[in-house]
Every structure is written in C-alpha cells, then in structure tokens.
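Asker: Would you mind keeping the following structure in view while I ask a few things?
Values in this text are rule-based calculations from the coordinates and carry no lab data. This structure is a prediction, so every number in the text was calculated from the model and none was measured. Glycine also receives a Cβ, built like all others from the backbone with ideal geometry; neighbour counts cover every protein chain displayed.
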Amino acid sequence: MLVVPDQQYPLICVAVSKGTELSQVVRFGTVNPNSTSSWFTEADTPQTCVIHVTQLERDTILVCLDRCIKIVNLQGRLKSSRKLSAELTFNFQIEAIVCLQDSVLAFWRHGMQGRSFKTNEITQEISDNTRIFRLLGSDRVVVLESRPTDNPTAASNLYILAGHENSY
C-alpha cells in the first residue's frame, strides 16, 4: 500500500514496471479506492522482477530489484537527498531485504550485506560460500537459517541477528 497525501485511502500497489518517461525509473501499477470512475491504472509496460517495495516516508518509496535498491518518489523518479542515497547496488542477486531506520540488510544465497542509506557504505557483512542462508523472519527479530551448500537437506543452524531495531 502506498499512502498518498490528501487521499482518504492508500493506493494499493499491484505491479511495478519500468518507467515510461525519461527520468522515471519505475512505474507503480495501482488500484485507487479513492476514485469513483476507474480504480485501475493501465499496465502498458511489462512488469519488473521486484523483490520488495516499502514506503519509507510520505514521498519516499524503496524498491528492491534484482541486484539494486532504488529510492524513488511516488511518481517513480529517483529521490536523492542528504539523508538517502538514490541507489544501492549489490554484487549479488538479492533474495530478501530488511529495512532498518538508517540502513538496509540485503540477503542472498551465501550471506547478507548491510548498507547505509545515507553513505551507501557496507555496515556489516556475512559471506560464506560453504553455507546456504535464508531469511526466515524479520517481524521484531531477524532470524536467519543456514545449511551446508554440499548437503542442503542437512540439519540447519538458526541465527538471531542482534542490534536490528526499528525496522519498517
């Protein structure tokens, strides 16, 4: 859901596609329950492989794609400021993310990498090609599972990542 200022009900995001205008990196396909005429926006461009979408602030949306996270406004244009980097690029295929107040944790097959929203610097990292990692939950506590790469059906280890509060 995307909360839009001056609207009684939030927009329901049902798709994300490549932007159709020059400065628009993504386009949100939404259902607008505030409209009396047409609820749906037209979907004329193919959908993009989106991992996660989160509204961080009134006019700030985080969109996690294949290997990058883009911070955009409600119109899908990159939003750069002193508080946030507009793009965070990773050298792995992102499988899941956890948004924190000042950073994001990106999880991949063999680990996890934390990046600062402000500086784009790596804040923490786990990388082990002998293990397969999977994010199990991030409601209040970040829980991570790992199994040996050479025996994915073996018993798993569970980890609780400490110090991660105020997630969105």
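Asker: Could you give the size of the charge dipole of the chain about its Cα centre, using +1 on the Cβ of each K and R and -1 on the Cβ of each D and E, expressed in debye and rounded to the nearest 20?
Answerer: Around 180 debye, computed over the chain.
Asker: Rg (Å, one decimal) plus Dmax (Å, integer) for the alpha carbons of the stretch 1-89?
Answerer: Here Rg and the maximum Cα pair distance are 12.9, 40 Å.
Asker: Also: Can you compute the modelled spin-label distance between N120 and E57, with each label point 7 Å from Cα toward Cβ, in nm?
Answerer: If labels sit at N120 and E57, their model points lie 1.9 nm apart.
Asker: Right, here's the next one. Hey, quick one: spin label on L22, modelled 7 Å out along Cα-Cβ, who in the stretch 69-105 has an amide N within reach, i.e. under 17 Å?
Answerer: Under 17 Å, as judged by backbone N against the label point of L22, lie 77-78 of the stretch 69-105.
Asker: Just want the answer: with Cβ charges of +1 for Lys and Arg and -1 for Asp and Glu, which residue in I94, Y159, I61 is farthest toward the dipole's positive end in the stretch 49-168?
Answerer: The residue sitting most towards the positive pole is I61.
Asker: How high is the FRET efficiency from S127 to L78, r the C-beta distance, R0 30 Å, rounded to 0.05?
Answerer: Efficiency at R0 = 30 Å is approximately 0.60.
Asker: Then there's this: Across the chain, where is the longest run that never hits trypsin sites (Lys or Arg not before Pro) in a DSSP loop with at most 16 other C-beta atoms within 10 Å?
Answerer: With a cap of 16 other Cβ atoms within 10 Å, the longest stretch comes to 1-57.
Asker: Using Cα-Cα distances under 8 Å and only pairs 6 or more residues apart, what relative contact order does the chain have, in percent?
Answerer: Values: 366 pairs, mean separation 20.3, N = 168.
Relative contact order comes out at 12 percent.
Asker: Label-point separation (nm) for C68 and N157, each offset 7 Å from Cα along Cα-to-Cβ?
Answerer: 3.4
Asker: How would you classify the stretch 101-168 from its alpha-carbon gyration tensor, with a ≥ b ≥ c the square roots of the eigenvalues: rounded for a/c under 1.5, else prolate if a/b is greater than b/c, otherwise oblate?
Answerer: Values: a/c = 3.25, a/b = 1.66, b/c = 1.96.
It is oblate, given that a/c is not under 1.5 and a/b is not larger than b/c.
Asker: Pick out, from G137, L74, A15, the residue whose Cα sits farthest towards the positive end of the charge dipole of the chain, with +1 on the Cβ of Lys and Arg and -1 on the Cβ of Asp and Glu.
Answerer: L74
Asker: Additional query: Name the long-range amide H neighbours of A96: under 5 Å, sequence gap of 5 or more, or other chain; modelled H, no Pro or chain starts.
Answerer: It is F107, by chain and number.
Asker: I've got another one for you. Scan around E57 for amide H atoms under 5 Å from its own, H built in the peptide plane at 1.01 Å from N, and keep only partners 5 or more places away or cross-chain.
Answerer: none
Asker: Under 5 Å between amide H atoms, partner at least 5 residues away or on a different chain: which partners does V142 have, H built in plane at 1.01 Å?
Answerer: Long-range HN contacts for V142: L161.
Asker: What does the charge count around T89 come to, taking other residues whose C-beta lies under 14 Å from its C-beta (Lys +1, Arg +1, Asp -1, Glu -1)?
Answerer: Numbers: positive: R67, K70, R115; negative: D66, E87, E121.
Cβ neighbours under 14 Å give a net charge of 0.
Asker: Here is a further query. With a/c under 1.5 counting as rounded, go ahead and sort the chain into rounded, prolate or oblate using the C-alpha gyration tensor (a ≥ b ≥ c being the square roots of the eigenvalues; past the cut-off, prolate if a/b is larger than b/c, else oblate).
Answerer: On the way: a/c = 2.01, a/b = 1.83, b/c = 1.09.
Cα axes put the chain in the prolate bin.
Asker: Here's another thing I want to ask about it. Provide the FRET efficiency to the nearest 0.05 for the M1-R147 pair, computing r from the beta carbons and using R0 = 35 Å.
Answerer: The calculated FRET efficiency here is 0.55.
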